[in-house]
Amino acid sequence: ALGPARPRPWDGLRVLVTAGGTREPIDAVRYVGNRSSGRMGFAVAEAAAALGAEVTVIAANVALARASGIRYLDVETAAQLGEACAREFAACDVLVMAAAVADFRPSAAVDGKLKKDGRDELALVLERTEDVLSGLAAVRRPAQTLVGFAAEHGAPALAHGRDKLERKGLDAVVVNDVSQPGIGFDSHDNEVTIVTAAGDEHVPRATKDDVAQAILATVDRLRAAAPAR
Ligand code: CTP
Ligand code: CA
(Lines give C-alpha, C1' and ligand atoms only; values in the text may rest on other atoms or scores of the structure.)
(Ligands and ions follow the chains in the order given, each with its own letter.)
Protein backbone atom coordinates (compact mmCIF):
# COMPACT_ATOMS: atom_id res chain seq x y z
CA ALA A 1 0.00 0.00 0.00
CA LEU A 2 1.06 3.56 -0.56
CA GLY A 3 2.07 5.43 2.57
CA PRO A 4 1.21 9.09 3.15
CA ALA A 5 2.50 11.22 0.27
CA ARG A 6 5.85 12.78 1.05
CA PRO A 7 5.89 16.55 0.76
CA ARG A 8 7.54 17.74 -2.42
CA PRO A 9 9.52 20.99 -2.88
CA TRP A 10 7.04 22.66 -5.26
CA ASP A 11 3.81 21.53 -3.53
CA GLY A 12 1.25 24.32 -3.90
CA LEU A 13 3.28 26.25 -6.46
CA ARG A 14 1.22 27.19 -9.53
CA VAL A 15 3.17 26.98 -12.75
CA LEU A 16 1.96 28.17 -16.17
CA VAL A 17 3.87 26.98 -19.23
CA THR A 18 3.32 27.86 -22.88
CA ALA A 19 4.61 25.35 -25.40
CA GLY A 20 4.67 24.66 -29.11
CA GLY A 21 4.35 27.00 -32.04
CA THR A 22 1.43 29.14 -33.16
CA ARG A 23 -0.20 28.82 -36.58
CA GLU A 24 -1.64 31.85 -38.32
CA PRO A 25 -4.27 31.09 -40.96
CA ILE A 26 -3.71 32.03 -44.62
CA ASP A 27 -6.97 30.40 -45.69
CA ALA A 28 -9.19 27.58 -44.43
CA VAL A 29 -6.47 24.93 -44.86
CA ARG A 30 -3.10 26.76 -44.80
CA TYR A 31 -1.12 28.61 -42.19
CA VAL A 32 2.09 30.44 -41.40
CA GLY A 33 3.85 28.42 -38.71
CA ASN A 34 7.20 27.51 -37.22
CA ARG A 35 9.21 24.41 -36.35
CA SER A 36 8.64 24.36 -32.59
CA SER A 37 7.66 20.85 -31.43
CA GLY A 38 6.63 21.77 -27.89
CA ARG A 39 9.21 19.39 -26.39
CA MET A 40 11.04 22.01 -24.33
CA GLY A 41 7.86 23.39 -22.79
CA PHE A 42 6.41 19.95 -22.11
CA ALA A 43 9.70 18.91 -20.44
CA VAL A 44 9.51 21.95 -18.13
CA ALA A 45 5.85 21.22 -17.34
CA GLU A 46 6.53 17.57 -16.51
CA ALA A 47 9.56 18.41 -14.38
CA ALA A 48 7.57 21.01 -12.42
CA ALA A 49 4.70 18.56 -11.89
CA ALA A 50 7.17 15.95 -10.63
CA LEU A 51 8.25 18.47 -7.95
CA GLY A 52 4.62 18.76 -6.84
CA ALA A 53 3.60 21.94 -8.71
CA GLU A 54 0.06 22.52 -10.02
CA VAL A 55 0.83 22.85 -13.72
CA THR A 56 -1.19 24.34 -16.59
CA VAL A 57 0.18 24.10 -20.13
CA ILE A 58 -1.09 26.32 -22.92
CA ALA A 59 -0.22 24.14 -25.89
CA ALA A 60 0.00 25.57 -29.40
CA ASN A 61 -0.25 22.75 -31.93
CA VAL A 62 1.71 20.19 -29.91
CA ALA A 63 1.50 16.55 -31.07
CA LEU A 64 3.25 15.01 -28.04
CA ALA A 65 1.95 12.60 -25.40
CA ARG A 66 0.33 14.26 -22.40
CA ALA A 67 0.97 13.61 -18.73
CA SER A 68 -1.82 12.83 -16.30
CA GLY A 69 -1.97 15.38 -13.53
CA ILE A 70 -1.18 18.30 -15.84
CA ARG A 71 -3.91 20.57 -17.23
CA TYR A 72 -3.59 21.31 -20.97
CA LEU A 73 -5.34 24.13 -22.83
CA ASP A 74 -5.05 23.89 -26.61
CA VAL A 75 -4.71 26.95 -28.81
CA GLU A 76 -3.72 27.55 -32.43
CA THR A 77 -2.98 31.21 -33.05
CA ALA A 78 -0.94 33.90 -31.27
CA ALA A 79 -4.19 35.73 -30.49
CA GLN A 80 -5.69 32.61 -28.87
CA LEU A 81 -2.48 32.00 -26.93
CA GLY A 82 -2.64 35.61 -25.73
CA GLU A 83 -6.26 35.20 -24.60
CA ALA A 84 -5.49 31.96 -22.74
CA CYS A 85 -2.49 33.59 -21.04
CA ALA A 86 -4.58 36.61 -20.06
CA ARG A 87 -7.08 34.27 -18.36
CA GLU A 88 -4.48 32.13 -16.59
CA PHE A 89 -1.64 34.47 -15.70
CA ALA A 90 -2.95 36.03 -12.48
CA ALA A 91 -3.34 32.59 -10.91
CA CYS A 92 0.27 31.50 -11.46
CA ASP A 93 3.38 31.91 -9.36
CA VAL A 94 5.75 30.98 -12.17
CA LEU A 95 5.37 31.55 -15.93
CA VAL A 96 7.63 29.72 -18.38
CA MET A 97 7.03 31.11 -21.87
CA ALA A 98 8.52 28.43 -24.08
CA ALA A 99 6.08 28.78 -26.99
CA ALA A 100 7.29 30.10 -30.32
CA VAL A 101 4.72 32.82 -30.88
CA ALA A 102 4.26 34.29 -34.35
CA ASP A 103 5.52 37.85 -34.67
CA PHE A 104 3.42 38.40 -37.81
CA ARG A 105 0.16 36.97 -39.13
CA PRO A 106 -1.65 37.31 -42.45
CA SER A 107 -3.56 40.57 -42.27
CA ALA A 108 -6.69 38.91 -43.58
CA ALA A 109 -7.26 35.18 -43.84
CA VAL A 110 -8.94 34.17 -47.10
CA ASP A 111 -12.41 32.63 -46.71
CA GLY A 112 -12.43 29.10 -48.04
CA LYS A 113 -9.45 27.77 -50.02
CA LEU A 114 -7.22 30.02 -52.06
CA LYS A 115 -7.12 28.95 -55.76
CA LYS A 116 -3.96 29.06 -57.87
CA ASP A 117 -5.70 29.58 -61.23
CA GLY A 118 -4.87 32.90 -62.84
CA ARG A 119 -1.87 33.67 -60.56
CA ASP A 120 1.84 33.45 -61.30
CA GLU A 121 2.75 34.59 -57.83
CA LEU A 122 1.11 35.27 -54.53
CA ALA A 123 2.12 37.96 -52.07
CA LEU A 124 1.14 37.49 -48.45
CA VAL A 125 0.74 40.64 -46.41
CA LEU A 126 1.48 40.11 -42.73
CA GLU A 127 0.73 42.33 -39.76
CA ARG A 128 2.37 42.38 -36.32
CA THR A 129 0.90 40.32 -33.52
CA GLU A 130 0.88 41.51 -29.92
CA ASP A 131 3.85 40.56 -27.76
CA VAL A 132 2.09 38.35 -25.24
CA LEU A 133 4.97 38.09 -22.78
CA SER A 134 5.61 41.84 -22.62
CA GLY A 135 1.91 42.38 -21.99
CA LEU A 136 1.92 39.92 -19.10
CA ALA A 137 5.12 41.39 -17.63
CA ALA A 138 3.45 44.81 -17.61
CA VAL A 139 0.74 43.54 -15.23
CA ARG A 140 2.81 41.12 -13.17
CA ARG A 141 2.98 40.96 -9.42
CA PRO A 142 6.53 41.34 -8.05
CA ALA A 143 6.36 37.88 -6.47
CA GLN A 144 5.66 36.16 -9.79
CA THR A 145 8.63 34.65 -11.61
CA LEU A 146 8.71 35.19 -15.39
CA VAL A 147 10.93 33.11 -17.64
CA GLY A 148 11.12 33.87 -21.35
CA PHE A 149 12.90 32.10 -24.17
CA ALA A 150 14.96 33.58 -26.97
CA ALA A 151 15.83 31.63 -30.07
CA GLU A 152 18.72 33.56 -31.57
CA HIS A 153 20.98 33.05 -34.54
CA GLY A 154 24.77 33.19 -34.22
CA ALA A 155 27.22 35.19 -32.17
CA PRO A 156 25.01 38.03 -30.81
CA ALA A 157 22.65 35.48 -29.18
CA LEU A 158 23.55 36.35 -25.58
CA ALA A 159 23.41 40.09 -26.11
CA HIS A 160 19.95 39.71 -27.69
CA GLY A 161 18.89 37.53 -24.75
CA ARG A 162 20.02 40.06 -22.18
CA ASP A 163 18.27 42.79 -24.11
CA LYS A 164 15.00 40.79 -24.01
CA LEU A 165 15.43 40.25 -20.25
CA GLU A 166 15.54 43.98 -19.69
CA ARG A 167 13.15 45.16 -22.38
CA LYS A 168 10.39 42.68 -21.46
CA GLY A 169 10.90 42.95 -17.69
CA LEU A 170 11.67 39.25 -17.12
CA ASP A 171 13.49 37.36 -14.37
CA ALA A 172 15.25 34.95 -16.72
CA VAL A 173 15.68 34.37 -20.43
CA VAL A 174 16.62 30.96 -21.77
CA VAL A 175 18.74 31.68 -24.83
CA ASN A 176 19.51 29.12 -27.48
CA ASP A 177 21.56 29.60 -30.59
CA VAL A 178 19.44 28.08 -33.33
CA SER A 179 22.27 28.32 -35.87
CA GLN A 180 23.77 25.19 -34.26
CA PRO A 181 22.65 21.90 -35.85
CA GLY A 182 20.83 19.31 -33.72
CA ILE A 183 19.66 21.56 -30.92
CA GLY A 184 16.70 23.79 -30.23
CA PHE A 185 13.76 23.80 -32.60
CA ASP A 186 12.27 20.42 -33.46
CA SER A 187 15.07 18.41 -31.82
CA HIS A 188 15.43 16.32 -28.67
CA ASP A 189 18.46 18.09 -27.27
CA ASN A 190 19.11 21.65 -26.37
CA GLU A 191 22.06 23.78 -25.36
CA VAL A 192 21.15 27.03 -23.67
CA THR A 193 22.41 29.90 -21.62
CA ILE A 194 20.09 31.06 -18.86
CA VAL A 195 20.44 34.81 -18.53
CA THR A 196 19.37 36.52 -15.29
CA ALA A 197 20.23 39.84 -13.64
CA ALA A 198 22.71 37.89 -11.47
CA GLY A 199 24.64 36.57 -14.48
CA ASP A 200 24.66 33.87 -17.15
CA GLU A 201 24.55 30.11 -16.67
CA HIS A 202 25.62 28.02 -19.64
CA VAL A 203 23.95 24.60 -19.86
CA PRO A 204 25.98 22.43 -22.27
CA ARG A 205 24.17 20.26 -24.79
CA ALA A 206 21.80 17.96 -22.90
CA THR A 207 18.37 16.41 -23.26
CA LYS A 208 15.44 18.79 -22.95
CA ASP A 209 14.58 17.03 -19.66
CA ASP A 210 17.99 17.97 -18.25
CA VAL A 211 17.70 21.52 -19.56
CA ALA A 212 14.26 21.68 -17.88
CA GLN A 213 15.92 20.77 -14.55
CA ALA A 214 18.41 23.61 -14.99
CA ILE A 215 15.56 26.04 -15.69
CA LEU A 216 13.70 24.92 -12.55
CA ALA A 217 16.88 25.31 -10.47
CA THR A 218 17.13 28.90 -11.75
CA VAL A 219 13.48 29.50 -10.78
CA ASP A 220 14.26 28.21 -7.28
CA ARG A 221 17.15 30.64 -6.94
CA LEU A 222 15.10 33.55 -8.27
CA ARG A 223 12.23 32.77 -5.90
CA ALA A 224 14.59 32.58 -2.93
CA ALA A 225 15.80 36.09 -3.79
CA ALA A 226 12.35 37.53 -4.69
CA PRO A 227 10.06 39.70 -2.55
CA ALA A 228 7.83 37.70 -0.18
CA ARG A 229 4.29 36.81 -1.25
N1 CTP B 1 6.82 36.13 -27.34
C2 CTP B 1 5.51 36.46 -27.03
N3 CTP B 1 4.69 37.02 -27.99
C4 CTP B 1 5.15 37.26 -29.25
C5 CTP B 1 6.49 36.92 -29.57
C6 CTP B 1 7.30 36.36 -28.59
O7 CTP B 1 5.08 36.26 -25.89
N8 CTP B 1 4.33 37.79 -30.16
C9 CTP B 1 7.68 35.56 -26.28
C10 CTP B 1 8.23 34.19 -26.61
O11 CTP B 1 7.37 33.16 -26.14
C12 CTP B 1 9.55 34.16 -25.86
C13 CTP B 1 9.96 35.63 -25.84
O14 CTP B 1 8.78 36.39 -26.11
O15 CTP B 1 9.43 33.72 -24.54
C16 CTP B 1 11.02 35.99 -26.85
O17 CTP B 1 10.62 35.59 -28.12
P18 CTP B 1 11.56 35.88 -29.35
O19 CTP B 1 10.89 35.45 -30.60
O20 CTP B 1 12.93 35.35 -29.05
O21 CTP B 1 11.70 37.49 -29.28
P22 CTP B 1 10.89 38.64 -29.98
O23 CTP B 1 10.61 39.65 -28.91
O24 CTP B 1 9.73 38.12 -30.73
O25 CTP B 1 11.96 39.30 -30.97
P26 CTP B 1 12.59 38.70 -32.34
O27 CTP B 1 11.81 37.49 -32.75
O28 CTP B 1 12.50 39.83 -33.31
O29 CTP B 1 14.03 38.36 -31.97
CA1 CA C 1 9.85 36.45 -32.30
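In table form, for the structure just shown:
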{"quantity": "Selected from Glu191, Glu76, Glu130 as most flexible by GNM, with the chain as the system and alpha-carbon contacts under 10 Å", "calculated": "Glu130"}
{"quantity": "For the chain: accessible area per residue (Å², 1.4 Å)", "calculated": "53"}
{"quantity": "Nitroxide proxy distance, nm - points 7 Å out along Cα→Cβ at Phe104 and Asp189", "calculated": "3.3"}
{"quantity": "P(r) of the range 74-198 over all Cα-Cα pairs, binned every 5 Å from zero, in whole percent", "calculated": "2, 9, 16, 18, 17, 15, 10, 6, 4, 2, 1, 0"}
{"quantity": "Amide H contacts of Thr145 (H built 1.01 Å from N, under 5 Å, at least 5 apart or other chain)", "calculated": "Val94, Leu95"}
{"quantity": "Those aspartates and glutamates that a straight Cα-Cα span of less than 20 Å connects to Lys113, excepting residues fewer than 8 apart in one chain", "calculated": "Glu24, Asp27, Glu76, Glu121"}
{"quantity": "Value of [θ]222 nm, deg cm²/dmol, for the chain, DSSP H segments ≥ 4, -39500 (n - 2.57) each, nearest 500", "calculated": "-8000 deg cm²/dmol"}
{"quantity": "Full-stretch length increase - Ala155, Arg205 - with 0.36 nm per residue and alpha-carbon distance subtracted", "calculated": "16.3 nm"}
{"quantity": "Reachable lysines from Lys164, criterion Cα separation under 30 angstrom, eight or more residues apart if same chain", "calculated": "Lys208"}
{"quantity": "Linear extension gain, Lys115 paired with Arg141, 0.36 nm per residue minus alpha-carbon span", "calculated": "4.5 nm"}
{"quantity": "Carbon + sulfur, % of accessible area of the chain - ligands and nucleic acids excluded, 1.4 Å", "calculated": "51"}
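The values are calculated or read from the model by the stated rules, or taken from the named source; none is laboratory data. These figures come from a predicted structure and were not determined experimentally. Heads up, the Cβs are rebuilt from the backbone with ideal geometry, glycines too, and the neighbour counts pull from every protein chain shown. We work out accessible area using only protein heavy atoms, side chains counted, and drop any ligands, DNA or RNA first. Shrake-Rupley method; radii C 1.70, N 1.55, O 1.52, S 1.80 Å.
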